[in-house]
Amino acid sequence: MYKKNTHSLVLSGLLAVIALLLSFFSFAVPFLPPFLKFDFTFIPLFMALLLMNYKHAILVSLLKNFLHIVLISHEPVGSIANIVVEFIFLSIIVLFYKKGMLKIIIGGILATITMTIFMALLNYFVFLPAYGYIMDLTDIVKNVKVIVTAGIIPFNLLKGILVTVLFFVTLRVYKRIPSTITSKFA
């Protein structure tokens with residue numbers, strides 16, 4: 001039991017660092033606000049989910065975002081929003097991922113819709129006003145409705161589609177990992 005816990009904790013830390021490194025390879029979407037960026041940090045989260053369990057995937061998310069605040073951004077708003085997105089998506093996809101491809105697609109659609117609704121509301125009432133206040137950007141505070149409807153909602157819909165595709169990619173990679181490796185975490 002002790003070795004299994006040690007392996008899982010070390011792997012969680014390694015996946016968190018990999019996710020942090022992947023966050024450097026982000027890209028903005030044309031016609032959307034430049035602070036909204038896609039990245040590939042969900043791949044280590046999905047790998048933690050598939051190799052270990054939901055609890056460790058959330059742990060990887062928390063570690064990655066904590067490291068991002070401390071080492072890179074020094075502002076909590078974006079990382080807290082990222083934690084919310086990752087929590088919503090992982091919480092819904094975990095209900096569907098062992099039930100076949102069609103169920104994963106349904107889970108991805110549900111996760112995308114839920115993530116879009118929650119992030120629209122949270123950005124409208126909490127995150128954008130807080131970010132505008134922290135960075136002293138009064139134009140963000142004045143244009144919250146426009147930013148949410150023209151930026152946040154389309155971005156989260158696109159991100160949900162991308163993350164669902166990333167789950168399928170991660171699932172294919174996971175299936176190619178030898179069972180001698182994956183059995184240490186089962």
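The values are calculated or read from the model by the stated rules, or taken from the named source; none is laboratory data. Not measured: the values here are computed from a predicted model. Here the Cβ positions follow ideal geometry from the backbone for every residue, glycine too, while neighbour counts run over all protein chains shown.
Just one of (1) surrounded by fewer than 17 Cβ atoms within 10 Å (Cβ to Cβ); (2) among the hydrophobic types (A, V, I, L, M, F, W, C); (3) without any contact (Cβ under 8 Å) to a residue 24 or more places away in the chain fails for Ile153. It is (3). Within segment 83-127, track down each residue that is modelled with pLDDT of 95 or more, hydroxyl-bearing (Ser, Thr, Tyr) and surrounded by fewer than 18 Cβ atoms within 10 Å (Cβ to Cβ). Scanning segment 83-127 gives Ser91, Thr114.
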